[in-house]
Structure formats: C-alpha cells, structure tokens
Amino acid sequence: MTRPDASGNLPPDRSSKYRRPRSPISWAALIIGLIIGLSAGLAYAWLLNPVEEYDTEPWQLSDQDRANYIAAITLQYSYDGDLNLAVNRLLALRLTGDPIQSVADIACRLATTSYVDNNSGIHAVRTMMTFYQLQGRAGCADTLLAASDQPTPLPTIEAATPTLRPPATKTPTPPAQSQATPTLPAVIIPTIRPQTAYALVDVRTFCSVEFSGVIEVRVQRSNGDGVPGTGVRVRWNDGESTFFTGLKPERGSDYADFQMEAAKAYTVEVLGQSDPSQPLVAGPCTTDIGGQAITSYRVTFRPG
Amino acid sequence: MLRFFLSIFVGLTLGLALGLYLGWVQFPRQYINSPITSLTERFKDEYTVMIAAGYLADGDLGGAFDRLRLLGQSNIPAYVQTVTERYITNSRDARDIAYLVALAEGLGRLTPIMEPYRQLRPLEQQP
C-alpha cells in the first residue's frame, strides 16, 4: 500500500511514464525535422542550385537543335550512305515512334520555316527527304519543296546590238612544233559483277504481344520450297548472331527466328550468300486490341 | 522544450544532408530543351564529323560554317583544326579523320600532321 507524501499526493505507479527514464530524443520532432530538412535539401539541390549542366546528350536537345542534329545525321548519310550508323544515331535521340518517320516530320516542320531561306537549309532538308524517302516514308516536305522547285520564269532580255567582230591579231600564231604523243590504248580488265545467291524478296512488319520484337526469317528456293540448314546472320550496332533455318520444324524447314532488343536496329542476311537487309528497327507498336509490343518482321530470301 | 528543439535540429540536419545528396548526386536534375552548345565534347565531335561529311557531299563551305557556328565556337576554323588534330592524335576512326581533314583543308587549316589523311575532296570539286 503506497502512502501519500507530505503534500498528500500519491507516488506514481511503477509502470507510469513518469517513472521511466526519459528518452533524450523526441522522435516526433526528429521526424518532423527530417521531413523539413529533406524537402529543403531537395528544393535547394533541384531548384535553387542545381548541378551544372554537363554531359548533355543529343536526346536532351531542344526541338530546334535536335532538328539541326538530325540534319547533320542525314548530311553524313548523303555522303557515305551508312544507313546503320544513321539509324543508330537517330535511335540515340530517343524520338517518339518511328525514328525515320520522325525525320520526315521534322523535315516537314523545317520546310515551313525560315530554315529553307538559303541554299544550305534547302540542301539539308533535301538530304533528310532523300533519307526518309529511301526508307519508304513520306512527309509534307515532299510537296513543299517540290512546289518551290518549279522553275522561275527567266526574264527575256532583248539582244543587244551585235558587236563588231574583233580585228585579227597582228601576231601570227606559231606553227605547232611538237608532235602529238600517241595515247596508249587503255587496257580494261573486266571484273565480275558480284553475285549473291539469295536476295531479300519480302519484308513485312507485324505487331504481336506474343511474338514481340521477333525477326522471322524464311530462306526458300525459287519455287517456294524451304531450304533447311542455311546460315542466317543478324547484325546490330555492337554485335552479331548467326543461326540456321530448319531448327524449328514445326514452323517449317525454311524457318528461323531472332529475338530483337527494343530500340535497336538490325540487318539480316543469308550468311555469305546475300547482301544485308536495310536496318530493321525494333520500335514500339500497338496491336489491334491496344496491346503494347515491339515491331516484328517477316523477311523472306529467295535466289536472286 | 530543449529536447524538442534539439531533436528537430538533428532531424533538420540529417534531412538536409540527405536531400542534398539525393538532389546533387543520386538523382541530379536532368535537363531537357538544352542548347546544342551544351553538348558533351563527344557529341560535339560527332556533330563536327557529320558536318564535315556533309561538306564532302555538297562542297558548301558556307553551309558547313553556319552549321558549326551553332556549337558556339568563336573561331570555327581553329575549332575544326583542334578537333581534327585531336582525332589524329587519339587514333580515332580513319574515315572520320579523313572527313575532318577535308573540312580543315577547306577552311584553310591544313597542318602537316593532317597531310597523310588528305584523301577526300568534296564531290563537287572532283574532276
């Protein structure tokens, strides 16, 4: 039985918080301080004093400068025709949708601005047009620049009064002293036109969630029969893979496939027997029922 | 009361340090809509090579000059010379070097170190 003290108060119970040693930290205050400090730190680091802008990559460029960068890509393509390099550079720009169609759209935009006020700008847009037209795309620049191609009618200038024929020079022309050296007949060694056994006869795209980002290759004879055991090589920016037809007999003796990675470009060829295809870009696509997938391709090789 | 303010001070300090670390190091602010002048050197070089190849295609030195001016360099010929010599010194891709040397030559900045790579001329100037 506890007794009251001199003031008449009872001592606190043993389990009372007044009997426990007090924590030196107020956890509630600590958490409040932490939240306020974190918010202030982030606001300072992101808004008031962000890190200096460095290591900017092309995808971070403004629309106008990105257009300039794309023009530079197609300018190089116009010289060396390296489609793989151009497509890889476009992919690095992280353009939304089909990167080659994006070139067409940007060319369209440039063709409506003062960018084409000078020959350099017109030439740059033309290289963009050549680039995307060769890949089967179209844009409004095709019509805008084509319209400006109409020849300007030249002003007719009345012929001036005919001038008199100049008098003959008084200095006689010396007779030719040297005799012409006979030119040796040029010997041209005929070269054999490179032959390839197979040619790419068909490329089709399809969009499927089940077969997302697949290159389906078929190597066939002229009559459509499959050719099993044929090597097929797929190349991309930093690698390649070789595989053979007929290893999935349920899909046919002429069939082989390859799984692509998103946002990469690939070329396909019959190993040593065909030219490489145009780059097949593993871009995003939407199926008929609205599913998101990566574009897949069906390519067919037959004797060329 | 002292306990309360002490705790809030400790929390503030820890939170501030954590916020600065996250905001500056772990998740720094990523810029978009950046000007081409802020490109990292690697991509400025790549852009210069592309413009050099474009010059080889069309022979338009003025156009190449205008396109390179976007990079914000005050002296374009000196800049092209610097990039070209750096490519040669670092044994970069021979094709890229040949493009740059052609542009440097067009800009009147052909130096002895570039001579061995002088293989290409603009298509329009070829006989």
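The values are calculated or read from the model by the stated rules, or taken from the named source; none is laboratory data. Since we're looking at a predicted model, the values are computed, not measured. Positions of Cβ are backbone-derived with ideal geometry, glycine not excepted, and every protein chain shown enters the neighbour counts.
Tell me the strands (runs of 3 or more DSSP E) entirely within the stretch A:185-304 that contain at least 1 residues that are in contact with a helix residue (DSSP H, G or I) (Cβ under 9 Å, 6 or more places away or on another chain) and over 21 Å from A:Thr96 (Cβ atoms). Don't jump to the end; show me each part of the working.
Numbers: elements: A:198-206, A:214-219, A:231-236, A:239-244, A:255-259, A:265-270, A:284-286, A:292-294, A:296-303.
Counting at least 1 such residues, we get A:214-219, A:231-236, A:255-259, A:265-270.
Restricting to the stretch A:81-112, what's the tally of residues that are away from chain B (no Cβ under 13 Å), hydrophobic (A, V, I, L, M, F, W, C) and not in a helix (DSSP H, G or I)?
1
Going by the structure shown, is A:Pro24 part of a loop (DSSP other than H, G, I, E, B), over 30 Å from B:Tyr47 (Cα atoms) and either within 14 Å of chain B (Cβ to nearest Cβ) or touching a residue at least 24 places away in the same chain (Cβ under 8 Å) (or both)?
Working: part of a loop (DSSP other than H, G, I, E, B): yes; over 30 Å from B:Tyr47 (Cα atoms): yes; either within 14 Å of chain B (Cβ to nearest Cβ) or touching a residue at least 24 places away in the same chain (Cβ under 8 Å) (or both): yes.
Yes, satisfied.
I'm trying to understand the selection: among the residues of the stretch A:45-80, which are charged (D, E, K, R), facing chain B (nearest Cβ under 7 Å) and out of contact with any Ser or Thr (no Cβ under 6 Å at 6 or more places or on another chain)? Spell out the reasoning first.
Of the residues in the stretch A:45-80, the ones charged (D, E, K, R) are A:52-53, A:55, A:57, A:63, A:65-66, A:80.
Then drop every residue that is not facing chain B (nearest Cβ under 7 Å), which leaves A:53, A:55, A:57, A:65, A:80.
Correct list: A:Glu57, A:Asp65, A:Asp80.
Just to be sure, is A:Tyr266 surrounded by 14 or more Cβ atoms within 10 Å (Cβ to Cβ) and farther than 22 Å from A:Leu91 by Cα?
Values: surrounded by 14 or more Cβ atoms within 10 Å (Cβ to Cβ): yes; farther than 22 Å from A:Leu91 by Cα: no.
So A:Tyr266 fails the test.
Checking B:Leu110 against (1) assigned by TED's automatic domain parsing to the domain that holds B:Arg121; (2) part of a helix (DSSP H, G or I); (3) aliphatic (A, V, I, L, M), which single condition isn't satisfied?
Checking B:Leu110 against (1) assigned by TED's automatic domain parsing to the domain that holds B:Arg121; (2) part of a helix (DSSP H, G or I); (3) aliphatic (A, V, I, L, M), the one that fails is (2).
Could you pull out the residue among A:Ile70, A:Ile31 that is part of a helix (DSSP H, G or I), farther than 18 Å from B:Thr48 by Cα and of a type in the set (Val, Ile, Thr)? Walk me through it before giving the result.
On the way: A:Ile70 fails: farther than 18 Å from B:Thr48 by Cα.
Going through A:Ile70, A:Ile31 in turn, just one is part of a helix (DSSP H, G or I), farther than 18 Å from B:Thr48 by Cα and of a type in the set (Val, Ile, Thr): A:Ile31.
May I ask you to list the residues in the stretch B:51-66 that are within 7 Å of chain A (Cβ to nearest Cβ), more than 10 Å from B:Leu100 (Cα to Cα) and surrounded by 24 or more Cβ atoms within 10 Å (Cβ to Cβ)? Steps first, answer last, please.
Filtering the stretch B:51-66 down to residues within 7 Å of chain A (Cβ to nearest Cβ) leaves B:51, B:53-54, B:56-58, B:60, B:62-63, B:66.
This time we only want the ones that are more than 10 Å from B:Leu100 (Cα to Cα), so: B:54, B:57-58, B:60, B:62-63, B:66.
Selection gives B:Gly54 alone.
Which of the following residues is in contact (Cβ under 8 Å) with a residue 60 or more places away in the chain and either surrounded by fewer than 20 Cβ atoms within 10 Å (Cβ to Cβ) or among the hydrophobic types (A, V, I, L, M, F, W, C) (or both): A:Gln259, A:Gln220, A:Gln273?
A:Gln273
Mind telling me which of the residues A:Glu250, A:Glu269, A:Glu240 ends up being of a type outside the set (S, T, N, Q) and over 28 Å from the mean Cα position of the chain (by Cα)?
Values: A:Glu269 fails: over 28 Å from the mean Cα position of the chain (by Cα); A:Glu240 fails: over 28 Å from the mean Cα position of the chain (by Cα).
Selected residue: A:Glu250, the only one of A:Glu250, A:Glu269, A:Glu240 that is of a type outside the set (S, T, N, Q) and over 28 Å from the mean Cα position of the chain (by Cα).
Could you list, in sequence order, the residues of the stretch B:67-91 that are more than 14 Å from every other protein chain (Cβ to nearest Cβ) and either in a loop (DSSP other than H, G, I, E, B) or of a type in the set (Lys, Arg) (or both)?
Result: B:Gln73, B:Ser74, B:Asn75, B:Arg86, B:Asn90, B:Ser91.
Could you say whether any residue in the stretch A:64-77 is surrounded by fewer than 22 Cβ atoms within 10 Å (Cβ to Cβ) and of a type in the set (Ser, Thr, Tyr)?
No, that holds for no residue.
What residue, among those in the stretch A:12-69 that are of a type in the set (S, T, N, Q) and under 25 Å from A:Ile106 (Cα atoms), is modelled with the highest pLDDT? I'd like the intermediate steps shown before the answer.
Of the residues in the stretch A:12-69, the ones of a type in the set (S, T, N, Q) are A:15-16, A:23, A:26, A:39, A:49, A:56, A:60, A:62, A:64, A:68.
Now restrict to residues that are under 25 Å from A:Ile106 (Cα atoms): A:56, A:60, A:62, A:64, A:68.
Working: A:Thr56: 87, A:Gln60: 90, A:Ser62: 91, A:Gln64: 91, A:Asn68: 94.
By that ranking, first place goes to A:Asn68.
Tally up the residues in the stretch B:18-48 that are more than 30 Å from B:Tyr99 (Cα to Cα), at the interface with chain A (Cβ under 7 Å from one of its Cβ atoms) and not in a loop (DSSP other than H, G, I, E, B), please.
Final tally of qualifying residues: 6.
Just checking, which of B:Tyr99, B:Tyr117, B:Tyr87, B:Tyr79 is out of contact with any Cys (no Cβ under 9 Å at 6 or more places or on another chain) and either outside the structural domain of B:Glu46 (by TED's automatic domain parsing) or under 18 Å from B:Ile36 (Cβ atoms) (or both)? Reasoning before the result, please.
Details: B:Tyr99 fails: either outside the structural domain of B:Glu46 (by TED's automatic domain parsing) or under 18 Å from B:Ile36 (Cβ atoms) (or both); B:Tyr117 fails: either outside the structural domain of B:Glu46 (by TED's automatic domain parsing) or under 18 Å from B:Ile36 (Cβ atoms) (or both); B:Tyr87 fails: either outside the structural domain of B:Glu46 (by TED's automatic domain parsing) or under 18 Å from B:Ile36 (Cβ atoms) (or both).
None of the other options fit; the residue is B:Tyr79.
Test B:Ala94 against the stated conditions and say whether it is small (Gly, Ala, Ser) and either over 24 Å from A:Asp82 (Cα atoms) or within 14 Å of chain A (Cβ to nearest Cβ) (or both).
On the way: small (Gly, Ala, Ser): yes; either over 24 Å from A:Asp82 (Cα atoms) or within 14 Å of chain A (Cβ to nearest Cβ) (or both): yes.
The answer is yes for B:Ala94.
Six or more apart or on different chains, Cβ atoms under 6 Å: show the pairs whose first residue is in the stretch B:62-90 and over 25 Å from A:Glu57 (Cβ atoms) and whose second is of a type in the set (D, E, K, R) and buried (at least 18 other Cβ atoms within 10 Å of the Cβ).
Matching pairs, first to second residue: B:Pro77/B:Arg109; B:Gln81/B:Arg109.
Kindly indicate whether A:Phe244 is aromatic (Phe, Trp, Tyr) and in contact (Cβ under 8 Å) with a residue 60 or more places away in the chain. Reasoning before the result, please.
On the way: aromatic (Phe, Trp, Tyr): yes; in contact (Cβ under 8 Å) with a residue 60 or more places away in the chain: no.
Here the answer is no, as A:Phe244 does not meet what is asked.
Pull up the stretch A:88-109, narrow it to residues that are over 20 Å from B:Leu39 (Cβ atoms) and at pLDDT 90 or above, then point me to the one that is nearest to the chain's Cα centre (by Cα). It would help to see each step written out before you state the result.
From the stretch A:88-109, those over 20 Å from B:Leu39 (Cβ atoms) are A:96-98, A:100-101, A:104-105, A:107-109; that's our starting set.
Filter once more, keeping what is at pLDDT 90 or above: A:100-101, A:104-105, A:107-109.
Details: A:Ile100: 7, A:Gln101: 10, A:Ala104: 12, A:Asp105: 14, A:Ala107: 15, A:Cys108: 17, A:Arg109: 18 Å.
Per the stated criteria, the residue is A:Ile100.
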